[in-house]
Each structure stands twice: as structure tokens, then as C-alpha cells.
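Notes follow the structure.
The values are calculated or read from the model by the stated rules, or taken from the named source; none is laboratory data. Nothing here was measured: the structure is a model prediction, and the numbers come from that model. Because the Cβ atoms are built from the backbone with ideal geometry, glycine has one as well, and the counts that use them run over all protein chains shown. The accessibility values were calculated without ligands, DNA or RNA, using every heavy atom of the protein model including side chains. Shrake-Rupley method; radii C 1.70, N 1.55, O 1.52, S 1.80 Å.
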Amino acid sequence: MSSRAFHLSAVTAVAVVVTVTGAAPAVSHAAPPSSGSLASGTTAVSRADFDADGYPDVAVAAPGGTINGRAEAGYIAVVYGMAEGPNGVKHQLISQNRYGIPGTAETGDRFGSHLTAADLDGDGFTDLVVGAPGEDVDGARDVGRHTVLWGSMGGLATATALGRGTSPTRAGDFDGDGHPDLATAHHVRYGPFSRTGEAARTGPLVVPGIRVDAMEAGDVDGDGMTDLVVSSGSPARDGLTVPLQRLRLLRGTERGLVAGPSIAPAGTVSADSIALGDVDGDGRQDVVFGRSTAGGGLLGVVRGTADGLEARATLVGQDSPGVPGTDESGDRFGTDVAVGDVTGDGYADVVAGVPGEDLAGRKDAGRFVVLRGSPTGVTGGSVQAFSQNTAGVPGSAEDGDRFGTGTAVVGGHVVVSAPGENSRSGAVWAFAGTTAGITATGSVSFGPGTLAAPMAGARLGSAFHR
């Protein structure tokens, strides 16, 4: 899609650094969970409000962004919510060259590769943890750094380095003490956190010797403490093939995370994306996962019951009845699953990318699907699919766009990305939810050009905050 195709539905986007004043305006859609509801269950992307104005915000990664000539230094775009949704008009651009951000933008830092939202200091404003996996620290190369950007009435204004690390993070109250904690693939920083970045204590992730490839936090067992669902496998040793990863539950306890059981091992093998939510409306958390590398890709749901998680997963693919498309190798159906009630019917819906889908002769043009929740869970019976060739969607499908690589539920909107758009400068789209489902009518798109941000190779939309 050419940059001329970007539009914002009769509004003109300008680059702004957000300053929020006055009382919080009324919200026209269902209010998201508060940033402090750490065990609320819906995927964390739906509950960020960095300026506490009542509208949900979204942070977007551009890890390939060139800053002052430094390739792949990286930056993030913070899109602040409005009554119309996250349309890109109110936004903030942050790199390590901005005043008050620890470090300096350097080649290969990839600042913004991983993003996690949570109110770490308990002041009512959501904070943002930003990963820079290529950061050099104290002479050690590529050891990575986690930095927290503190929320305020003016948005994300100040920042503190939390420490080394290259993995993504997830937030939750894993020990039930009322303070948010921060888990990585290797350890857990237990709150409360101070504005100096110090945690009350730090402990290892409970299962030594496993490789964590994906994780999501939520109260899976209903005891009021946040649990962590991880996709894990054993590291390769002595040249042996790496075993396929499976989902595993790490339970929150008063002592912190402890090892729990494998989750539906026959169906969750090779899971690479995880989200949590109540898709059947029974008040219990369900585990939703993507197996995007299994043939053309699969999406699965393990439903929560009064006796715990079911022993088997329900799997849905493009060969399932009612699901548009055909199961083809490399489609990557089930990429970056997200969960949230975007139709307002009380059932969480599931959004999943299909970035490898070929459309109208365009290779890897990509699309995304929305599967509605229901009393019987998620099936192929009520599925919508959108691409850049769908009527009302800005742009057109092109080779290598990989539309649907990133997905998010932000309040009453679905947000998706195409990091390959415009020669890998990237772009983001927002779609409103209605009682009838997602609509392309009034959908908006924005890219680095719209945001007055670095363009070449930025890969905007490589990740959204979780």
C-alpha cells in the first residue's frame, strides 16, 4: 500500500506530544478493566490508560526505527485513546534519545521490541515496561535492558531503568500481596516498585531448565492471585533437536509462582502465542493459544471449568467449518492471538492474525480473523475475516505486507498491524466493534509517515503492549 492510501476518516493526524488536562471525559464504549485489575483475566492490552483519562491507550513497537542515523535503534509510538478510539491523532513518540529516557539510541538496540503495561507504583496511572533486547550494558554486549516509563496526567513522561533482560515481560500480582509483580522468562521481580526501579525482591522463574517462548498472566484458577501460562520446552543440548513446547501453568501463591501442571498437552504442543479470557461467559478464565507454525496454523481454546482447565483443547483452523480460507502451509493462522469482548455481549471474542495468507496473487499479504465467543465457546460458526482488500479497509493487499502480524483488543476496538507495509516501515489499523461484530466502516490506519516518525525499516506494529 502506498503512503497516499493512509487516511483517518476526515481528520488530519499531526505529530503531538500529549498533555492531558481537565476532568476525564465520558467514555462512549464499555470501560476496560482498570490498570490495577491484575487478575481480571482479559488480555492486558485492553486495560492500559497511561494518562488516566478513561480512554484505553495502546503502545506500538517500531524496533527497526532509525534514530539519528542509528539503524534498528528502535522507538515506540503511544497512541492515546479518544471517544473515536485509538485513531493515531493523539500520540507520543519515544526513543532512547528523548530527554529522561535511560541510555542512548544505538545501532541494534531494538528499543520497544517488547511492551508490557501495568500500574507498577500504584498511583492510578498505567506504566509501560519497554524491552530493548540489543542493548549493551556496562560493556556486556546484547544483554538487553528493561525500562519503565511512568504514567501521568501528561502521559508517559519520566522513565527508570529496571535492569538487564532480553525476554518479554508480563505483569500480575503473583504473590497476592496487592502489589504488581513483573515476570520475565528467567525471573520475577516482586513489587512494590519504587520510582528508582527497585523491586521489593527478585526470585527465579519457578521451573529451571526450561525455555519460555510465550507467556500470559491472569487468574486462571480463580483464587484471586495472578497465574502465569507459559509455552515452554527444554533447551537443546549436545546437538539434539529442540523438543516442541507445550503450555504449562505456573500458579500464583503467597510465596510467588510455583510449578503447576501441563495444559491439555495433546492439543497445545507447539503453541507460540497465548491470551486469556472468558470466551464462554461462565465466569472462569479460558486459555486461548495460537499454533501458527503447525501447517497452515491453528487456534486453540482450553476452557476453564469448576474443576479446573479441561483436559483437551478445541482446535480451529482454516479447514474448520465456517472459517474463511483454506489451510495452506505458511499461512500462520493463529499468529498473535488477543482476547476481549468487542461486541458487548458478555462473551470474550478472539482475534488472530493470518499474516502469511496470499490474496489475489499477492504473497504474504495477510489478513486477520475475529471469532465470537458464545455459551459453547469459540467455534468456526461465527467468524469474520478482514484484509486490506476488504471493502472499507484503508489500503490494498500487497506482497509482504503481513497484515495481521500483530493484534490487540483496545476497549471496544480491534487493532492490527502490518510491519511489512511500505517496504517494512509498517502500519497499524483500528476497527470498531458493534453488536453485530467488527466493522470496516470508519476503520482508520496510520503509519510512521502519519505520525511524523522515522519510516525506513521501522517495522511499526511489530508488537503491541500486553
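Can you confirm whether SER387 is in contact (Cβ under 8 Å) with a residue 60 or more places away in the chain, among the hydroxyl-bearing types (Ser, Thr, Tyr) and open to solvent by less than 20 Å² (accessible area, probe 1.4 Å)? Against the criterion (in contact (Cβ under 8 Å) with a residue 60 or more places away in the chain, among the hydroxyl-bearing types (Ser, Thr, Tyr) and open to solvent by less than 20 Å² (accessible area, probe 1.4 Å)), SER387 does not qualify.
Scanning region 68-86 for residues that are buried (at least 24 other Cβ atoms within 10 Å of the Cβ) and more than 21 Å from TRP150 (Cβ to Cβ) yields a total of 2. Flag: ARG362 does not match the condition of being under 27 Å from ALA62 (Cα atoms), in contact with a strand residue (DSSP E or B) (Cβ under 9 Å, 6 or more places away or on another chain) and of a type in the set (Lys, Arg). Could you tell me which residue of region 290-310 is most open to solvent (accessible area, probe 1.4 Å), considering only residues that are without any contact (Cβ under 8 Å) to a residue 60 or more places away in the chain and not small (Gly, Ala, Ser)? The selected residue is ASP307. All of (1) surrounded by fewer than 21 Cβ atoms within 10 Å (Cβ to Cβ); (2) touching a residue at least 12 places away in the same chain (Cβ under 8 Å) hold for GLY361 with one exception: (2).
Take the residues in region 402-450 that are of a type outside the set (Gly, Ala, Ser) and more than 23 Å from ALA275 (Cβ to Cβ); name whichever of them is farthest from the chain's Cα centre (by Cα). Ranking the qualifying residues of region 402-450, first place goes to THR441.
THR379 fulfils the conditions (1) open to solvent by less than 20 Å² (accessible area, probe 1.4 Å); (2) under 19 Å from ILE274 (Cα atoms) except for a single criterion, (1). Here is the figure for region 409-426: residues that are touching a Phe, Trp or Tyr at 6+ places or on another chain (Cβ under 9 Å) and open to solvent by less than 10 Å² (accessible area, probe 1.4 Å) total 7. For VAL269, are the conditions met, namely being β-branched (Val, Ile, Thr) and surrounded by 23 or more Cβ atoms within 10 Å (Cβ to Cβ)? Answer is no for this residue.
Select the strands (runs of 3 or more DSSP E) contained entirely in region 113-165, then report the ones holding at least 3 residues which are of a type outside the set (D, E, K, R) and surrounded by 24 or more Cβ atoms within 10 Å (Cβ to Cβ). Write out each step before concluding.
On the way: elements: 114-118, 127-132, 145-150, 158-164.
Passing ranges, in order: 114-118, 127-132, 145-150.
A residue that is in contact with a Ser or Thr (Cβ under 8 Å, 6 or more places away or on another chain), among the acidic types (Asp, Glu) and at pLDDT 95 or above occurs nowhere in region 198-215. Against the test of being farther than 26 Å from ALA214 by Cα, assigned to a loop (DSSP other than H, G, I, E, B) and among the basic types (Lys, Arg), the options ARG110, ARG98 yield a single qualifying residue, ARG98.
Looking at region 188-202, which of its residues are more than 20 Å from the chain's Cα centre (by Cα) and surrounded by 17 or more Cβ atoms within 10 Å (Cβ to Cβ)? Of everything in region 188-202, those that are more than 20 Å from the chain's Cα centre (by Cα) and surrounded by 17 or more Cβ atoms within 10 Å (Cβ to Cβ) turn out to be ARG189, TYR190, GLY191, PHE193, GLY197, ALA199.
Is there a residue being touching a Ser or Thr at 6+ places or on another chain (Cβ under 7 Å), over 27 Å from GLY400 (Cα atoms) and either at pLDDT 95 or above or crowded, with 18+ Cβ neighbours inside 10 Å (or both) anywhere in region 316-326? No, because not a single residue in region 316-326 is touching a Ser or Thr at 6+ places or on another chain (Cβ under 7 Å), over 27 Å from GLY400 (Cα atoms) and either at pLDDT 95 or above or crowded, with 18+ Cβ neighbours inside 10 Å (or both).
Is it true that PHE333 is assigned to a strand (DSSP E or B), of a type outside the set (D, E, K, R) and at pLDDT 95 or above? Working first, answer last.
On the way: assigned to a strand (DSSP E or B): no; of a type outside the set (D, E, K, R): yes; at pLDDT 95 or above: yes.
When the stated conditions are applied, PHE333 does not pass them.
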